[in-house]
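Structure first, then comments.
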């Protein structure tokens, strides 16, 4: 059955601002939702479940107030949950998501039908991020509503597959919502994602360079100064392969031989350690190549929408040419 996320048609732009570790907070989420795109954040960006609930309440109240004052319905927001056996907060954070009826749950590092059923119980949706076909098949079996295809060049925990191949391969058996991630920094990139067969674009690195993000100014400056070749793919930082800014690795004293080391992931023991590391070792995708500024979310979404519509107009001209 071909079932797409019902909120897609109400968005101002077919895009999700991805949940970024230590970067995404209430201010970024609220601004995105007000501008008509999905705003998200990782539950673990708050150091306790109590703090996580405070953020949920802050976001819900701000968006309810926005709708009351403007008469415009904001885009839904989402929370990223790490579904990994060593995440000690999964059960508590999931209960809070159920309590507050979080519209969208993004699961990572494990697709569990029990979690999907819990979210479906209150009418929420579950999107799961994957980097290969086998992971997509398992997530589909678990009953997720959407798959986030994390292709080569994405920031954070990225895959290595070409986005065209990944979308085509997964679309063969998954007829629900497909979200494409990887080097999407412009409105034209969003249009390209849809042309490849995705329903939504997943944008992380571009939203680091917004005034509402929690990234330090030096981080944003480094993104502007970096190109695609300045991104390093390694599992040495967290035990899961991810893309990082080379300059931040060098500044932290990470040597070339250190980048080939892997270690076992354990969120129970290493969450604080990883958080400290990611504060100075900064993640970004190869999409940094086209990022040259820092903008408020309102201005960025307006720019992306303008570029997106221009790209669609160009496609119409091409269609006429070859029809």
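Residues in the stretch 144-168 that are surrounded by fewer than 16 Cβ atoms within 10 Å (Cβ to Cβ) and more than 26 Å from residue 230 (Cβ to Cβ): how many? Show your work before the answer.
Step one: of the stretch 144-168, the residues surrounded by fewer than 16 Cβ atoms within 10 Å (Cβ to Cβ) are 160, 162, 164-165, 168.
Narrowing further to those that are more than 26 Å from residue 230 (Cβ to Cβ): 168.
Total meeting the criteria: 1.
In the stretch 20-36, is there at least one residue being over 20 Å from residue 101 (Cα atoms), at pLDDT below 95, in contact with a strand residue (DSSP E or B) (Cβ under 9 Å, 6 or more places away or on another chain) and part of a loop (DSSP other than H, G, I, E, B)?
yes
Filter the stretch 95-111 down to the residues that are within 10 Å of residue 81 (Cβ to Cβ) and out of contact with any helix residue (DSSP H, G or I) (no Cβ under 8 Å at 6 or more places or on another chain), then identify the one that is surrounded by the most Cβ atoms within 10 Å (Cβ to Cβ).
Ranking the qualifying residues of the stretch 95-111, first place goes to 106.
Of the residues in the stretch 30-72, how many are on the phi > 0 side of the Ramachandran plot and under 21 Å from the mean Cα position of the chain (by Cα)?
Of all residues in the stretch 30-72, those on the phi > 0 side of the Ramachandran plot come to 36, 71.
Those left that are additionally under 21 Å from the mean Cα position of the chain (by Cα): 36.
Matching residues across the stretch 30-72 total 1.
Residue-by-condition table, conditions (1) touching a strand residue (DSSP E or B) at 6+ places or on another chain (Cβ under 9 Å); (2) assigned to a loop (DSSP other than H, G, I, E, B); (3) at positive phi:
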site	(1), (2), (3)
189	yes, no, no
198	yes, yes, no
202	yes, no, no
207	yes, no, no
213	no, yes, no
218	no, no, no
222	yes, no, no
233	yes, no, no
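Out of all the residues in the stretch 99-108, is one or more more than 19 Å from the chain's Cα centre (by Cα), at pLDDT 95 or above, assigned to a loop (DSSP other than H, G, I, E, B) and at negative phi? Break it down stepwise before answering.
First, the residues of the stretch 99-108 that are more than 19 Å from the chain's Cα centre (by Cα): 99-101.
Narrowing the set further to residues that are at pLDDT 95 or above leaves 99-101.
Checking the rest, the ones that are also assigned to a loop (DSSP other than H, G, I, E, B) come to 100-101.
Now narrow it down to the ones that are at negative phi: 100.
Yes: the stretch 99-108 contains one or more residues that are more than 19 Å from the chain's Cα centre (by Cα), at pLDDT 95 or above, assigned to a loop (DSSP other than H, G, I, E, B) and at negative phi.
Could we say that residue 119 is at pLDDT 95 or above, within 30 Å of residue 51 (Cβ to Cβ), touching a strand residue (DSSP E or B) at 6+ places or on another chain (Cβ under 6 Å) and in a helix (DSSP H, G or I) here? Talk me through it step by step, then tell me what you get.
Working: at pLDDT 95 or above: yes; within 30 Å of residue 51 (Cβ to Cβ): yes; touching a strand residue (DSSP E or B) at 6+ places or on another chain (Cβ under 6 Å): yes; in a helix (DSSP H, G or I): yes.
So residue 119 fits the description; yes.
The values are calculated or read from the model by the stated rules, or taken from the named source; none is laboratory data. All figures in this text were calculated on a predicted structure; none of them were measured in a lab. Quick reminder, even Gly has a Cβ in these numbers, built from the backbone with ideal geometry, and neighbours come from all protein chains shown.
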